[in-house]
Amino acid sequence: MSISVIDIEPLVTGRAPGAVAAAIGEACRTGGFFYIAGHGVDEDLQDRLERLSREFFAQDTATKMKIRMRHGGRAWRGYFPVGGELTSGQPDRKEGLYFGAELPSDDRPLHGPNLFPSPEFRETVLAYLTALTGVGHALMRGIALSLDLGHDYFAERYTADPLILFRIFNYPPGGDEAWGVGEHTDYGLLTILKQDDNGGLQVKSQDRWIAADPIPSTFVCNIGDMLDRLTGGHYRSTPHRVIGTRDRDRLSWPFFFDPNFDADVRAVGQRVLAPHTRWDGADVHDFEGTYGDYLLAKVSKVFPQLNDQVHDR
Ligand SMILES: O=C(O)CCC(=O)C(=O)O
Ligand SMILES: [Fe+2]
């Protein structure tokens, strides 16, 4: 499998998006991963984000811990140090910053104000979230068209108020033990990933691992569990992992475009494919509840120490 590069400009502008939608549909049916070009996200904004991120991680741990996730409480925001996050029960060799849509304090878990290291950081992250939210909506229009649905099918039902999560990860050099993130799928609809020039992301296709190396001016886009569920398994959430670097930091900026928190995500009426054995043995179709329920169950596995804060109320 090779991972295609799709120019999504016609989807962003809304002019003649049919051919792009078909290309996205093909990529979703075959691999579940593709690169997007023509997304219109400002390069200067991206450079600023990269510079600020590197400056943040270069600080000593005590300084970074000033905005640690404990201070973000149930909003699930802030800094976590290396080893603070688990994938498939194993600690990842990475540190990171968690953000989401900037909201006033809110009773719902995963909603609320962000913890920003500086005003410039705040302005840059919020501009990036706005830009990427627009890209997410454009991609969902393309995905709707690729399924012979109206372009606003998802916007009307599931993404009027999408749950936006954004992370900045730093994978410090690991010497011989260059481990990054274990095999997993993402939870929501779409992940739009910016990565630095290190490489290390790998996608599983027919039991083989394929490198999704960075291509300048593009993002990597992949399908999450909710799109798998919506399409009855026709667009499958594809397992991926990250191999860490040996001798320098690797930074990545995954942006997660997910359904409304209270959405009851249902298959769009296509035949549901026979369940397949997933990396975690789960079945995304065998679940009752809102997207928020699904996500909170996952989150408590990734950050067991946040369990109390998420569930004790
Ligand atoms: O760091 C990366 O390149 C990907 C991270 C990832 O897969 C995730 O956060 O879900
Ligand atoms: Fe992922």
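The values are calculated or read from the model by the stated rules, or taken from the named source; none is laboratory data. Treat the numbers as computed from the prediction; the structure is a model and nothing was measured. Cβ sites come from the backbone with ideal geometry, for glycine too, and all protein chains shown count toward neighbours. Surface accessibility is based on the protein's heavy atoms, side chains included, excluding ligands, DNA and RNA. Shrake-Rupley method; radii C 1.70, N 1.55, O 1.52, S 1.80 Å.
Would you look at the GNM of the chain, springs on alpha carbons closer than 10 Å, and say which of Leu103, Leu201, Leu189 moves the most?
Maximum fluctuation in the GNM of the chain, among the listed residues, is at Leu103.
What distance in nm separates the two pseudo spin-label positions at Asp293 and Thr30, each 7 Å out from Cα along the beta-carbon direction?
3.8 nm
State, to one decimal in nm, how far the label point of Ala16 lies from the label point of Leu103, with both points 7 Å from Cα in the Cβ direction.
Here the answer is 4.0 nm between the modelled labels.
Given a 1.4 Å probe, how much area per residue of region 10-115 is accessible, in Å²?
It amounts to 44 Å² per residue over region 10-115.
At R0 = 35 Å, how high is the FRET efficiency between Ser118 and Ala37 if r is their beta carbon distance? Nearest 0.05 is fine.
Working from the Cβ atoms, E equals 0.65.
Would you calculate a helix-derived [θ] at 222 nm for the chain, using -39,500 (n - 2.57) for each DSSP H run of n ≥ 4 and dividing by the full residue count, to the nearest 500?
Only helices count here, giving -9000 deg cm²/dmol.
Counting each pair of different Cα atoms once, what's the Kirkwood radius of the chain in Å, rounded to one decimal?
The answer is 19.7 Å.
What percentage of the solvent-accessible surface of the chain, computed with a 1.4 Å probe over protein heavy atoms, is contributed by carbon and sulfur atoms?
The computed percentage sits at 49.
So, for region 193-289, what is the accessible surface per residue at a probe of 1.4 Å, expressed in square angstrom?
43 Å²
Can you tell me what share of the DSSP beta bridges in region 5-311 is antiparallel? A percent to the nearest 5 is fine.
Of those bridges, close to 90 percent are antiparallel.
Identify the residues of region 104-134 with backbone N under 11 Å of a label point that sits 7 angstrom from the Cα of Asp161 along the Cα-to-Cβ direction, or state none.
108
To the nearest 20 Debye, how big is the dipole of region 5-311 about its Cα centre, given +1 on the beta carbon of each Lys and Arg and -1 on that of each Asp and Glu?
In debye, rounded to 20, region 5-311 gives about 360.
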